[in-house]
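Novice: Can you keep this structure in mind? I'll have questions shortly.
The values are calculated or read from the model by the stated rules, or taken from the named source; none is laboratory data. Since the model is a prediction, treat every value here as computed from it, not as a measurement. With ideal geometry, Cβ positions are generated from the backbone for all residues, glycine too; neighbour counts draw on all protein chains shown.
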């Protein structure tokens, strides 16, 4: 919707009269529709606030207009008789309901003459050229000036001196020039300080309005005052209307104009200077043919005041970094920066252009990528080889070492050797050689072509000797609570293959030295395919054999004595009981107690072994004595696990664990006296080295004995016990 206003100008009135100002409003436009128009009076100067009390609109605001309708509005001023003389400035403002943000203003004025105005008109008469009104102001280009000429006629019978003054403008905004035509044959016009007029004589005063450069665009209406020396108390006022036209000049500068990326930092600075006299609102847009780069800035809209400048920093970021050339010529891109006016005052300025040169990748990057690609291919090949290669079927030595570094000469003090061999089924024989300064002085061979030699076979897990071992320990799965019975398939059992062991472990194998000294021992493996050349060898560090003067012959010392080494170093649990009952008789011991009772379980143990034995009873912290007992109260509903561990100084250890469960049962409280228990004594095989433990401290009141209840034996599958 568009609003059009046309008003009739009337500036002069008199006291005690009604001043009327008419203006018209029309509802026009392509998309116009019925709308309400609001209008009001605005007064900015405090000396003109009396106009608010004097004015009224007919009809009152708002006015509803149909499409294409025109309405005439009358502004009435009731001038009181005591109104002060002078020129009153006011503004009629109005806006549409459809475009509530846009306000249209029309500045006007009202002149109240003085009491002696008529008398002044009888003495002086003047006219202003060019004539201006509020609706037809003088259009002044920025930086230019306009000269107004006042023609003055002295109608009085005496001479007069007239001055011109403009108190509303700064002195540097205007220039006053007095022109006096004296009677002379040449008719020369001479400038004087003031205009001297004889009776019935006319003269001119020139008022030049030259606002400084950069003056804001808009309407200016200064008041001119004529002062007569004959009547200094009388003033003649007139107003000139000047509209300074808008200047929309913009200057742009781009620094720099060329950037090499990434050799230089990819930033541009666009400086925009507002050389005009109106505030400019601009929007920045970047346009390029290739669209290889996008420009990042803090804001893409700027507002520039008159005679001000702003700087916009733009950073170029590649849209697709893979487009950068790897070699050859660089890529060149041209980008233009367009400043689009959002205020619609003028056309956009000429867009500055920037050039970006995208250099190719350095050579070391290409070389690094080639190396990375080669390394990746080699890594993949190695992984494929590692996970797809066939397992080795050749016998090999995994470990070979003596049990200690110093021995005594003789059969009872033979050098004990440990070794582990992979794929023993491929062996023909195994040879142990004693080395003295690199020379073999004594050898001993074992045949492995069919099986482990009988003299090396271990009878039990604790004995010294050789035994088969799996290459990897299988991962234990979660316990199966139930399972479906599998059908018996005869053909399935024929497909099952027996487990094949891939290595053997030999512990404490004796080698009797025929002499004392410092020796090394070598283990040699011979394959079945070639029994002459060893396929693997391994040697120990130096082992010292000290002389004892023994007269044993090598034949007497060649006998293999099993368990002689392990028995001297491995501890043994002699007794482990719960309330006098063997703890290992069942995996879980269940005790029944009454309501709000706890089960007091007496735990007893006895362990024997070599000096320096360490004994632990979990979940109790710290070490305990090798023989003793303790009272363990357990609440119902809990399952506790007791673990007894004995560990020697050499690292050998033995462990026994048992679970204790306490349940609540409906039973009468037992009245029988507690059954005395005796702590089991260790067997006389080897007396314990630790001091005998102190007996448990007896309690003042006897504690009723929980009745042990046997539970059914669990399945052979081992299930980890819960920890306390």
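Novice: Just checking: which of the strands (runs of 3 or more DSSP E) contained wholly in the stretch 1-114 hold 1 or more residues that are exposed (fewer than 13 other Cβ atoms within 10 Å of the Cβ), at pLDDT below 85 and over 60 Å from the mean Cα position of the chain (by Cα)?
Specialist: It comes to 18-28.
Novice: Is there any pair with a first residue in the stretch 333-349 that is in contact (Cβ under 8 Å) with a residue 60 or more places away in the chain and a second that is loosely packed, with under 13 Cβ neighbours inside 10 Å and in a strand (DSSP E or B) whose Cβ atoms are under 9 Å apart and which are 6 or more apart or on different chains, and what are they?
Specialist: 337/287; 342/301; 349/251
Novice: Suppose we filter the stretch 253-266 for residues that are surrounded by fewer than 15 Cβ atoms within 10 Å (Cβ to Cβ) and either part of a strand (DSSP E or B) or in contact (Cβ under 8 Å) with a residue 12 or more places away in the chain (or both); how many remain? Lay out the reasoning, then the answer.
Specialist: Looking only at the stretch 253-266, we keep the residues that are surrounded by fewer than 15 Cβ atoms within 10 Å (Cβ to Cβ), and these are 253, 255-258, 260, 262-265.
Subsequent filtering for residues that are either part of a strand (DSSP E or B) or in contact (Cβ under 8 Å) with a residue 12 or more places away in the chain (or both) retains 253, 255-258, 260, 262-263.
Matching residues across the stretch 253-266 total 8.
Novice: Somewhere in the stretch 203-211, is a residue within 55 Å of the chain's Cα centre (by Cα), in the same structural domain as residue 132 (by TED's automatic domain parsing) and at pLDDT 85 or above?
Specialist: Looking through the stretch 203-211, none of the residues is within 55 Å of the chain's Cα centre (by Cα), in the same structural domain as residue 132 (by TED's automatic domain parsing) and at pLDDT 85 or above.
Novice: If you go through the stretch 313-352, how many residues are out of contact with any strand residue (DSSP E or B) (no Cβ under 7 Å at 6 or more places or on another chain) and farther than 13 Å from residue 250 by Cβ?
Specialist: Final tally of qualifying residues: 9.
Novice: With the requirement that a residue be within 15 Å of residue 643 (Cβ to Cβ) and either assigned to a strand (DSSP E or B) or over 58 Å from the mean Cα position of the chain (by Cα) (or both), what does the stretch 587-603 give you?
Specialist: 588, 589, 601, 603
Novice: Of the conditions (1) farther than 30 Å from residue 154 by Cα; (2) part of a strand (DSSP E or B), residue 236 fails just one. Which one is it?
Specialist: The single condition residue 236 does not satisfy is (1).
Novice: Which residue pairs have Cβ atoms closer than 6 Å, lie 6 or more positions apart in sequence or on different chains, and pair a first residue in the stretch 212-241 that is at positive phi with a second residue that is surrounded by fewer than 18 Cβ atoms within 10 Å (Cβ to Cβ)?
Specialist: Sorted first by the residue in the stretch 212-241, then by its partner, the pairs are 214/307.
Novice: A further question follows. State which residue is modelled with the lowest pLDDT when the search covers only the stretch 512-571 and only residues that are assigned to a helix (DSSP H, G or I) and surrounded by 14 or more Cβ atoms within 10 Å (Cβ to Cβ). Can you show your working first?
Specialist: Here is the first cut: in the stretch 512-571, the residues assigned to a helix (DSSP H, G or I) are 554-557, 566-569.
Okay, now just the ones that are also surrounded by 14 or more Cβ atoms within 10 Å (Cβ to Cβ), so 557, 566-567, 569.
On the way: 557: 42, 566: 46, 567: 48, 569: 60.
Only one residue fits best here, namely 557.
Novice: In the stretch 51-109, which residues are in contact (Cβ under 8 Å) with a residue 40 or more places away in the chain and out of contact with any strand residue (DSSP E or B) (no Cβ under 7 Å at 6 or more places or on another chain)?
Specialist: Once the filter is applied, which keeps residues that are in contact (Cβ under 8 Å) with a residue 40 or more places away in the chain and out of contact with any strand residue (DSSP E or B) (no Cβ under 7 Å at 6 or more places or on another chain), the stretch 51-109 yields 80, 81, 82, 99.
Novice: Please specify each residue of the stretch 276-302 satisfying the condition of being over 30 Å from residue 140 (Cα atoms), outside any strand (DSSP E or B) and more than 32 Å from the chain's Cα centre (by Cα).
Specialist: Within the stretch 276-302, 289, 290 qualify.
Novice: Related question: So how many residues does the stretch 133-183 have that are part of a loop (DSSP other than H, G, I, E, B) and out of contact with any helix residue (DSSP H, G or I) (no Cβ under 8 Å at 6 or more places or on another chain)?
Specialist: Residues that pass the stated criteria total 20.
Each row is one residue, and each column tells you yes or no for (1) in a helix (DSSP H, G or I); (2) on the phi < 0 side of the Ramachandran plot; (3) at pLDDT 85 or above; (4) not assigned by TED's automatic domain parsing to the domain that holds residue 304.
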position: 326; (1), (2), (3), (4): no, yes, no, no
position: 332; (1), (2), (3), (4): no, yes, yes, no
position: 338; (1), (2), (3), (4): no, yes, yes, no
position: 343; (1), (2), (3), (4): no, yes, no, no
position: 349; (1), (2), (3), (4): no, yes, no, no
position: 354; (1), (2), (3), (4): no, yes, yes, no
position: 366; (1), (2), (3), (4): yes, yes, no, yes
position: 370; (1), (2), (3), (4): yes, yes, yes, yes
position: 374; (1), (2), (3), (4): yes, yes, yes, yes
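Novice: With the requirement that a residue be in a strand (DSSP E or B) and over 13 Å from residue 252 (Cα atoms), what does the stretch 303-312 give you?
Specialist: Selection gives 303 alone.
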